[in-house]
1. Is there a residue being crowded, with 18+ Cβ neighbours inside 10 Å, of a type outside the set (Phe, Trp, Tyr), under 18 Å from A:TRP156 (Cβ atoms) and modelled with pLDDT under 85 anywhere in the stretch A:110-133?
2. In the stretch A:33-42, which residue that is within 9 Å of DNA strand D (Cβ to nearest atom) and surrounded by 14 or more Cβ atoms within 10 Å (Cβ to Cβ) is nearest to the other protein chains (Cβ to nearest Cβ)?
3. Scan the stretch B:41-64 and report the pairs whose first residue is closer than 13 Å to B:VAL30 by Cα and touching a residue at least 60 places away in the same chain (Cβ under 8 Å) and whose second residue is assigned to a helix (DSSP H, G or I) and within 12 Å of DNA strand D (Cβ to nearest atom), with Cβ atoms within less than 6 Å and a gap of 6+ or a chain change.
4. List the number of the failed condition for A:LYS10; all other conditions in (1) at pLDDT below 95; (2) over 15 Å from the mean Cα position of the chain (by Cα); (3) within 14 Å of DNA strand C (Cβ to nearest atom) hold.
5. B:LYS53 versus (1) surrounded by 14 or more Cβ atoms within 10 Å (Cβ to Cβ); (2) away from every other protein chain (no Cβ under 14 Å); (3) within 16 Å of DNA strand C (Cβ to nearest atom): which is the lone unmet condition?
Protein chains: 2
Amino acid sequence: MPRVSQADAKRRELLPVVAGAFAELGYRRVTTAELAERCGVRENILYRLWADKKSMFIAAIEYVYDLSEKIWAELFGPKATGSSAERLLEYESKHLGEFGHSRIIFAGLSEADDPDIRKALARMYARYQKFVLEQVTAHRDAHTPAGKADAAMAAWALVGLGTVVTITKELGLLKERDRVHLLAEMGRRLLD
Amino acid sequence: MPRVSQADAKRRELLPVVAGAFAELGYRRVTTAELAERCGVRENILYRLWADKKSMFIAAIEYVYDLSEKIWAELFGPKATGSSAERLLEYESKHLGEFGHSRIIFAGLSEADDPDIRKALARMYARYQKFVLEQVTAHRDAHTPAGKADAAMAAWALVGLGTVVTITKELGLLKERDRVHLLAEMGRRLLD
DNA sequence: CGATAATGTAAGTGAGCACTTACGCTGAGT
DNA sequence: ACTCAGCGTAAGTGCTCACTTACATTATCG
């Protein structure tokens, strides 16, 4: 048996670059040639790692979400000041959009009639809301308990708040200061 | 002088069809051939009405926003029950996304590094927030007055709420019932 | 009528792009 | 040292798409 495959390692190595390209440019604007160049390999190498461009995009979606979740997980580790939800708000107000999380959603949404992309996108968005929901309920148990349904609604509204803040950033509609303020003030109102 | 140009009339006639295509499919997925077919004309006719595909898209953005605004204007006409903001919430909870308003934003956002498209998009989004803001302040003057800055923040948060509801609809993440509930409940919380 | 510009039809054109093929090199197992 | 799969390079291939060109027809004015 000659040589063992390094495909998995290579995939892990290139995925951040691929995800970066999609988050930056969107699906259609990213060409496979562009991907190959950014990765420093030829196109057919990408095609040995993934079946087609769509698979690369879906892998990127998952990668981006895993990454944000990992970062969040650190935030809610052992050392805690204030409730988790409060820290999430504070963190997001500072770093929103940095990892292309929302950007890749918009890219996907305009391809939303492709069933595979839809599925990947929906899974990611639902996971996002679920994560926020956990923080909301944790926060409320500690402070002001409320209905379960209401917590879920609040979580969705918070996701929406994050989304609009990202859009205003993307389009240059609000200053950094105002964005932070918006997320903090309205976030608190929704949280309680 | 032979024959007077009908170009303006033709533009007005075709714009709804063009906008519909973009709202449905996004920018990249719409081909000029597709546009021509939907409009029942040849491609070069479209090119006599607009300089290029980008101009068609920008015209569509403006058209879609004008349309929603017109519909809203009717809502806030002479006959009034409850505050305008309350009616806006109720209306949006039922008809959200129907006119492709949000869909076209997502399409544009993934093309957001084209400066012309950015500008058109930013103008539209800012107008949207301004409109919501007017409703919020009108509502608050009548009920519970609050700071100006806070009203602006609340307006942005409401825009975000609308956006997340559209996304959940687009991705099939919430049932109709829940979406209406989300918009109504959280909308009210942000409004006051 | 006859000149002229608007309107329409039909057939390109050339560039970009997703994806493929052909082939040479490398290095672990026997 | 020979084999054979993994890995890499280079050059296509065929298709789609934004945009154009050439030319026929029509309507309005003097």
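1. No, because not a single residue in the stretch A:110-133 is crowded, with 18+ Cβ neighbours inside 10 Å, of a type outside the set (Phe, Trp, Tyr), under 18 Å from A:TRP156 (Cβ atoms) and modelled with pLDDT under 85.
2. Narrowing the stretch A:33-42 to residues within 9 Å of DNA strand D (Cβ to nearest atom): A:33, A:36, A:40-42.
When the remaining residues are screened for being surrounded by 14 or more Cβ atoms within 10 Å (Cβ to Cβ), the result is A:36, A:41.
Working: A:ALA36: 20, A:VAL41: 25 Å.
Among them, the one singled out is A:ALA36.
3. B:PHE57/B:PHE22
4. Evaluating A:LYS10 over (1) at pLDDT below 95; (2) over 15 Å from the mean Cα position of the chain (by Cα); (3) within 14 Å of DNA strand C (Cβ to nearest atom) leaves (3) as the failure.
5. (2)
The values are calculated or read from the model by the stated rules, or taken from the named source; none is laboratory data. Model, not experiment: these values are computed from the prediction. Glycine gets a Cβ as well: all are built from the backbone with ideal geometry, and neighbour counts include every protein chain shown.
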